[in-house]
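Presented below is the structure to which this report refers.
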Amino acid sequence: MKMIPLLPEVAAFIDARQALRIGGQTCDAPENLTVINPSTGRPLAVVARAGPAEVDRAVQAATRAFQQGDWGRMLPQDRGRVLWRLADLIEERAPIFGQLDALDNGKPYATARDVDAHWSARHFRYFAGWPDKIEGATIPVGTPNRLNYTRVEPVGVCGLITPWNYPLLMASWKLAPALAAGNTIVLKPSEETPLSALYLADLALEAGIPAGVLNVVPGYGHDAGAALASHAGVAKIGFTGSTRTGREIVKASAGNLKKLSLELGGKAANIIFPDAELSRAIPGAFWANFGNNGQSCTAGSRLYVHADVYDQVLDGLTGLAAGIRVGPGLEDPGHDLGPVISEKQMQMILGHVETSQKEGATVLAGGVRAPGDGWFIPPTIISAVTDEMTIAREEVFGPVLSVLKFDDEADVLARANHSDYGLAAGLWSQDVTRVRRFADALEAGTVWVNCWGETDAASPFGGVKQSGYGREMGKDAIGLYTQTKSVWVG
């Protein structure tokens, strides 16, 4: 097995015990995290583990930077210039970020470098244009001889908690608008994929973001995450992760009524109608679910296919699955899919497959652990699925696609909406009237038509129902990290 050689910077980074980043300095902690390489199942790196004491220290550093520092008081165009410089640095160091995420997440190196790092830079570049466009208004009030105007101000210290499936990209989604608005940050990346966040903190200092503005504290959710969510010095929590954890964050935030935005789980419905252009719909539906190895809240894991084209779509999907290469993130030549994130996740995914078979579904492809030392599962396609089965209701978060049959348009709309989740949905059809009708009626924060997974820094993203609330990206994201003050002048 030939592997892509590690860049010297990456080799040095993972060989050194990585400390916390607090107040512009590296800070120790009494306990460690061992980061595992999911492609091998073996230890990759050692990182200082933050607990409540370290989180408190980071919040204090962020508070000092917010109250006494220059970031929020900086001329807006200067703050934008710094964020643009950070975007440039991310782009320049894309190979480093690509290798770090390929190592601790397992995703193919080319994907981590060319997609995740590239889009992270684009997010910072987009929000670099916002600081001098965050403005209040003069309001024509009905009281004589009074001037009323508004100021849009940063909320203060923001606690950001990010997941392991897109380590750099999810951090960038939150950091870029929060920093553009003038806030200071305590970022808790996933304990399974902390490396790119730590490297990003170093890069932020190099770009000119003042010490204490961005603090990074890797740790477990039950102590570091809980401490951040409940801390009285934190004004805002931005979280991406499971719905179960989201509920706990809501409870923990009640102490000081923090501002919250939550991007939670999903069980996206993807619908192929008989008039769909199947040459596009079949590979589109395949990658809608198997992109990022199915480890995405927007995965189109419930695929509804009209009876007239059901067999043809199944044949196409299984044919694509047979040609997919699964392997380590840094293997050369690269693979289509890497491992799932952990042994625990692998066993949970395979448990869902086994349960589906017991409930009467049929596994057409995959469904077993692939050979190798890491946690590999080939693309798994399950047919004869009904809406009542566990596999059709619960989020699997892995490379498993459930294919369901439908005959009636009204029936499939009701079935697609019959879910606790509402992050994303999609449909494939050439009927413009149907497209418009379904785009309006599907209960989801994002609807994709004849495509899947399109996002842009300028376009809002978020969920409804138990997929959370708040919208990341675009101008809506600025609202997550600002508050409006009304000023009356007599």
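The values are calculated or read from the model by the stated rules, or taken from the named source; none is laboratory data. Treat the numbers as computed from the prediction; the structure is a model and nothing was measured. Positions of Cβ are generated from backbone atoms using ideal geometry, with glycine treated the same way; all protein chains shown enter the neighbour counts. For the accessible areas, the whole protein counts, side chains as well, though only heavy atoms, and no ligand, DNA or RNA atoms are used. Shrake-Rupley method; radii C 1.70, N 1.55, O 1.52, S 1.80 Å.
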Sort the following peptides by mean Cβ neighbour count (other Cβ atoms within 10 Å, averaged over residues), highest first: 349-361, 56-68. 56-68, 349-361
Taking only the alpha-carbon atoms of the chain, what semi-axes of the equivalent ellipsoid follow from 5 times the gyration tensor eigenvalues under a square root, in whole Å, largest first? 38, 29, 19
Provide the per-residue ³J(HN,Hα) series for segment 337-353, in order, calculated from phi with Karplus coefficients 6.51, -1.76, 1.60 and θ = phi - 60°, each as a whole number of Hz, with x at glycine and proline positions. 9, x, x, 7, 5, 7, 5, 4, 5, 4, 5, 5, 5, 5, x, 5, 5
Starting from the Cα of residue 431, step 7 Å along the direction of its Cβ; do the same at residue 343; then give the gap between the two resulting points in nm. 5.1
Using a Förster radius of 60 Å, what is the FRET efficiency between residue 132 and residue 110 based on their Cβ-Cβ separation? Nearest 0.05, please. 0.95
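From the Cα gyration tensor of segment 251-406, with a ≥ b ≥ c the square roots of its eigenvalues, which class applies: rounded if a/c is under 1.5, or else prolate if a/b is larger than b/c, or else oblate?
Verdict is oblate for segment 251-406.
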Just how much of residue 49 is accessible, in Å², when a 1.4 Å probe is used and the result is rounded to the nearest 10? 50
Near residue 236, which aspartates and glutamates are there with a Cα under 17 Å away, not counting those fewer than 8 places off in the same chain? 56, 153, 248, 263, 472, 476
Quote the accessible area belonging to residue 259 in square angstrom, nearest 10, computed with a 1.4 Å probe and with ligands, DNA and RNA left uncounted. 70
List the relative contact order of the chain as a percent without decimals, with contacts defined as Cα pairs under 8 Å and 6+ residues apart. 18
What does the extension gain come out to for residue 3 and residue 152, with contour length at 0.36 nm per residue minus their alpha carbon separation? 48.6 nm
Please name which of 268, 184, 228 has its Cα lying farthest along the dipole of segment 132-271 towards the positive end, using unit charges on Cβ (Lys, Arg +1; Asp, Glu -1) and the Cα centre as origin. 268
Computed curve, segment 341-449, Cα-only Debye sum without solvent term, log₁₀ I(q)/I(0) at 0.10, 0.20, 0.23 Å⁻¹, is -0.35, -1.08, -1.24
State the Cα centre-to-centre distance between segment 301-319 and segment 1-50 in whole Å. 43
In square nanometres, what is the average projected area of the Cα convex hull of segment 109-180? 6.7
Return the subset of 174/251; 188/358; 133/259 for which the Cα-Cα distance in this structure is over 31 Å, preserving the input order. 188/358
Quick check: the distance between the Cα centres of segment 245-280 and segment 122-138, to the nearest angstrom? 26
May I have the extent of the alpha carbons of segment 413-490 along their three principal axes, as whole Å values ordered from largest to smallest? 59, 25, 23
Note to self: Kirkwood Rh of segment 1-152, Cα pairs, one decimal, Å, is 19.0
Using 0.36 nm per residue, how much length does the chain from residue 251 to residue 145 gain when fully extended, once their Cα-Cα distance is taken away? 33.7 nm
Looking at the square roots a ≥ b ≥ c of the eigenvalues of the Cα gyration tensor of segment 72-141, which shape do they give, rounded for a/c under 1.5, prolate if a/b is larger than b/c, or oblate? prolate
Could you order 81, 302, 415 so the one with the most accessible surface comes first? Probe is 1.4 Å. 81, 415, 302
